[in-house]
Amino acid sequence: MGLEDIAMFRTVPGCVVFYPSDAVSCFHAATLAANHKGMVFIRTNRPETKVIYDTTEKFKIGESKVVVSNKADKLTIVGAGITCEY
């Protein structure tokens, strides 16, 4: 799976890029995009993606989410889109 599309849109000044991980985050990405003044690119996933966020989860442009963590963590793995499915 190439990421050239994301890389290309990241070079556009002021462009917001969303790569939602599930249906819930995709809904919020679309809502945020519709209300954003400026260019937005949304890269979507395959239709049968596991839902990882609760419908009450809040999303904001420029923020990230911690999907899994515990006090014994010694490593951070950053993922986006389909790579967040665990």
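The values are calculated or read from the model by the stated rules, or taken from the named source; none is laboratory data. Just so it is clear, the structure is predicted and the values come from calculations on it, not from any experiment. All Cβ positions, glycine included, derive from the backbone under ideal geometry; neighbour counts span all protein chains shown. SASA here: full protein model, heavy atoms, side chains in, ligands and nucleic acids out. Shrake-Rupley method; radii C 1.70, N 1.55, O 1.52, S 1.80 Å.
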| Do any GluC sites (Glu not before Pro) in the chain lie in a DSSP loop with no more than 15 other beta carbon atoms within 10 Å, and if so, which? | E48, E57, E63, E85
| query | Round to a whole number: what % of the accessible area of the range 20-86 belongs to carbon and sulfur, probe 1.4 Å? | reply | 56 percent
| Per 10 Å bin from zero, what fraction in whole % of the C-alpha pairs of the range 11-54 is there, up to the bin with the longest pair? | 29, 49, 20, 2
| Within a Gaussian network of the chain (alpha carbon springs, distance under 10 Å), most fluctuating of A33, A72, A23 | A72
| request: Return, for the Cα atoms of the range 1-85, the radius of gyration and Dmax in Å, separated by a comma. | output: 13.6, 41
| Which angle between 0 and 90 degrees, to the nearest 10, do you get for helix 23-35 versus the longest principal axis of the chain when only C-alpha atoms count? | 30 degrees
